[in-house]
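In what follows, a structure is listed as structure tokens, so that the remarks can point back to it.
Coordinate-derived values only; no laboratory data. Computed from a prediction, not measured in an experiment: that's the story for all the values here. Positions of Cβ are generated from backbone atoms using ideal geometry, with glycine treated the same way; all protein chains shown enter the neighbour counts.
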Amino acid sequence: MANSNHDHEHDGHAHDGHEHTHDGLPPHSHGEPTGNAIEKIGFTRSQFLRMCLAGVASGAAVPLGAQAQAQAPKASKPRTDSYDDPVAFNGPSAYRRFLQKEGIPVYEGGAIDVNKVELKPWKRVGALGAYIFLEGTAGTVDAWVAEIPPGGETNPERHIFEEQTLVLAGKGRTQVWQGDPSNMLTFEWERGAVFPSPLNTWHRHINTGKDPVRLVAITNAPLLIDMFRHTDFIFDNDYAFPERFDGRKDYFSATPQAFFPTVPRDRSGKTKERGHHSHSLVNFVPNIWKWKLYPAGQGVEDDDNHLAMARNSMACHVEQFPTGTYERCHRHGPGSTIILLDGSGFSMMWPHEIGTTPFKDGKQQQVQLFEWKEGTLVVPPLQWFHQHFNNGKVPARFVKLGGWNNDLYPFTTTLVSDPGRTEIDYPDEDPRVREIFAERLAAAGGQFKMPESVFKRRSG
């Protein structure tokens, strides 16, 4: 409908159909949407967005003259998408729309077996694949599982989200390069290898064995895709991150560049010393089942080692604790994706809002219990109290790929990074927790190995 000549009121301001300025900002018209204005100067909204993103990636200003359309970057092949058009209220997120177009299964829920998840042809990657997007991620990380047939390889790709991969089965090699493919690095791997795809580097995985290769990886793609809403920027961006990948020949060496031993946390309450776990600065672990671990202090005689890979913001560590024991209850931010490597047991979780003693307070209905074994992938929900129990026959070992409780590269927001590392020490836990573990351990024929001393409060 055409505008009338009468004054009208909008958002508390009087308007007369002419351009206005507010607080010194450039004039704008209230009579037509921004999209129409863009189209009048010769671009669609998607073209305009691609031009802006190209300028961000190159550090250059985006021209708005007559030649601007000719300078717009070409679409990726296969063509990728802007998730800004059409504008719609209360629709699915950009990441959800991206998942729909990937054309492979998406598994949700609380836990899943990565060795048994069903896969479908994944055209973009050139393998069989499936996504895993569990509730505990709070939409900050995802996982994918891919299978490569003997003699097969994935399509080369790059992306500005982080990715950390575990080889579940098979053997092969990965090629990584930045810019000129003649400078690519190649490293061999087999079952148990853990490695990153350095930020925005080209990479592809090749099966060199006689059996299918199965990989599982954790990424922070949901955050990046939702933030920028344009997959050309995510998958077709020329910006290089030299601090993340410098191309040196020993980049994927299994020898750590540096090692930092554990600094114990002060649980006496006398100081606020947070301490930190042992850390290895390394970009390739040849076998996570055999990787050397160090005293952790989260449970009884438990060991771990945190892996600072490719300077990623996502955390990564491997941990092991003995049979007949369990770890202290604790909570933290979302996305800590745990994959069980050895052993069997269970994890207990509940919302922190119901307090530290849910059974004693009659709120046991809100406590969830997840049983696990080799291959189980589970993600504790955002700020839920949780603890892990080993009632199996062998030490329980798991690797955590993803998550945000990174001692080296913390976030400012406490939504994903919790500097408090809130935990419930053994003397303060709900008495029913210990009883449940003892009952399930006895049913499995195990022996309770928690020393009585850990349940006694420390003297001041």
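In table form, for the structure just shown:
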read-out: Simple spin-label estimate for residue 248 and residue 186 in nanometres, 7 Å along Cα-Cβ; value: 2.3
read-out: Members of 360/449; 290/400; 249/290; 123/210; 290/373 lying beyond 21 Å, as alpha-carbon distances in this model show; value: 360/449; 249/290; 123/210
read-out: Peptides ranked, highest mean first, by Cβ atoms within 10 Å: ranges 422-428, 85-91; value: 422-428, 85-91
read-out: Dipole magnitude of the stretch 94-235, debye to nearest 20 (Cβ charges: Lys/Arg +1, Asp/Glu -1, about Cα centre); value: 280
read-out: Length added when fully stretched, residue 443-residue 90, from 0.36 nm per residue minus Cα-Cα; value: 122.2 nm
read-out: Dipole in debye (nearest 20) - the stretch 298-425, about Cα centre, beta carbon charges: Lys, Arg +1; Asp, Glu -1; value: 260
read-out: Within the stretch 129-213: Cβ-based charge dipole about Cα centre, in debye rounded to nearest 20 (Lys, Arg +1; Asp, Glu -1); value: 240
read-out: Vicinal HN-Hα couplings computed from phi for the stretch 249-263 (Karplus, 6.51 cos²θ - 1.76 cosθ + 1.60; Hz; Gly/Pro x); value: 5, 9, 4, 9, 5, 7, 8, x, 5, 7, 9, 10, x, 4, 10
read-out: Fraction of beta bridges assigned by DSSP in the stretch 94-235 that are antiparallel (%, nearest 5); value: 95
read-out: Ordering of 92-98, 133-139 by packing [mean C-beta count within 10 Å, highest first]; value: 133-139, 92-98
